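Input: a single structure, listed below in structure tokens.
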Amino acid sequence: MARLGERDAGGMSVYIRSLAQGLGKQGVQVDVFSRRHDSTDPFIVDMGKGARLIHVEAGPPEAQKTEIAEYLPTFIENVKSFVAEESTEYDLVHSHYWLSGPVGIDLAETWSKPHVATFHTLAEVKRQARSGVEDPIERSEIERIVVAETDAIVVSDSHEREFLARLYGASPQKVAVVPGGVDVNLFHPRSKDEARTKLGLNGDKVILCVGRFDPLKGVDLTLASAALLEDREHVKVVLVGGDLEKDPEAQRLSDLADALGMSDRVRFEGAVPQDDLPWYYSAADLLMVPSYYESFGLVALEAMACGTPVVASRVGGLPSLVKDGETGYLVPWHCPEPFAERLEVLLAHDDLRNNMGQAAYHQAQGMAWEAVVQRFETLYQDLISREVAPKEAV
Ligand code: UDP
């Protein structure tokens, strides 16, 4: 429910919200507990039928992500008090991200219920993708404990199951692969002309990037590859996401655009509400996702659902979304030249772009959230019907 595309609010927030709302619609009552990170947040937010977001006090609202671990015991205590006061009985606990893993373990143990964990990203995988990523040292250790203690782990793509087995010793039987989904009611093609007029993008070829401003997203590669294009004077690079005043990455990218002589070719939009994003995807000739690592890549799927081809790095879950040569291109190297070559081909051939856009649209139709929610219901049901052995607290 936070402003997506700013700070840490991105794919995981969309995922949890979509899953909670989807389950709620199916008649499953869902409470999502999250740390209060803004003093103006209401205590309880109604997310639609059957789904609530409950803001739990745990440390000062402005605490940074790197400081949150120390407030986990308070978080756990406050969740327990709330639940005791309401006399709610949950059937299952699903924790998201490494910080919530120990919370899930404690609550599931206290209530003798099954615990499912989804990491969304893993410290070891991030470290391998790009050295210099700053994660607290205890993160990998906590992830290992969560892997050992949970009843099931959900990943979005089979490559993560392999990582979990190889780097964390997870038994493959414990890991379920459930790909993420897209809201096809929101993300569908709009008229390109109308979209371009609306966004003031007429007359140029448009390369789009959407996401949080995180160096792991490799947006610098988009700028550097666009700068290599022969016809760069007729290209606009539109960057959606980021807090343009506070994200250090915004300044870095703006300096890079200057250094490449691309300042007049790049538009920094800042974070855009999701409801407006279909206009951006529809206006674009292509979406570029040059990430160093991407566990799934919701933006690629959203662009595809809007009929826009995607040029992406061949990393993480992206190859299961983007079919090389069919719905876009996958680039195995993290350097501008091979990306520029693919951009050149795609931007120069209208028919190719249209065909790939169509193929992308059709592929995305099979990945609507409703189907994802059903798979979760089946998984949850299966775990609930198993006898849960009493667990040791961590
Ligand atoms: N998003 C948004 N507005 C923005 C930037 C991003 O609504 O300005 C949303 C986008 O629609 C997508 C999510 O944030 O659903 C980003 O998810 P993705 O999996 O691509 O990246 P992550 O944040 O998980 O790294």
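The values are calculated or read from the model by the stated rules, or taken from the named source; none is laboratory data. What you see is a predicted model; the values in this text were computed from it and never measured. All Cβ positions, glycine included, derive from the backbone under ideal geometry; neighbour counts span all protein chains shown. Only protein heavy atoms, including side chains, enter the accessible area calculation; ligands, DNA and RNA are left aside. Shrake-Rupley method; radii C 1.70, N 1.55, O 1.52, S 1.80 Å.
Evaluate E = 1/(1 + (r/R0)^6) for S191 and E233, where r is the Cβ-Cβ distance and R0 equals 22 Å; express this FRET efficiency to the nearest 0.05.
0.25
How would D135, D193, D91, D38 line up by accessible area, probe 1.4 Å, largest first?
Largest accessible area first, the list is D193, D91, D38, D135.
To the nearest 0.05, what FRET efficiency results for Q173 and T66 with a Förster distance of 41 Å applied to their C-beta separation?
Efficiency computed from Cβ-Cβ geometry: 0.75.
Of P172, G104, A69, which is farthest along the charge dipole of the stretch 63-184 in the positive direction, counting Lys and Arg as +1 and Asp and Glu as -1 at C-beta?
P172
Extending each Cα 7 Å along its Cβ direction at F268 and D8, get the distance between those two points in nm, one decimal.
Each label point is offset 7 Å from its Cα along the Cβ direction, giving 2.4 nm.
Beyond a 22 Å Cα-Cα separation, which of these cross-linked pairs lie in this structure: K65/K174; K126/K217; K198/K323; K25/K198; K65/K246?
K65/K174; K198/K323; K25/K198
Placing +1 at every Lys and Arg Cβ and -1 at every Asp and Glu Cβ, with all other atoms neutral, what dipole size does the chain have around its Cα centre, in debye to the nearest 20?
620 debye
Where a Cα-Cα gap under 17 Å defines reach, which aspartates and glutamates qualify for K192, not counting those fewer than 8 residues away within the same chain?
Cross-link targets: D204, D275, D276, D285, E302, D350, D351.
Cα to Cα, under 17 Å, and not fewer than 8 places away if on the same chain: which lysines meet these conditions relative to K80?
Hits, sequence-local ones excluded: K113.
Starting at the first residue of the stretch 225-232, write each ³J(HN,Hα) from the Karplus equation 6.51 cos²θ - 1.76 cosθ + 1.60 with θ = phi - 60°, in whole Hz, x for Gly and Pro.
Computed from phi, the couplings for the stretch 225-232 are 6, 5, 5, 8, 5, 4, 9, 4 Hz.
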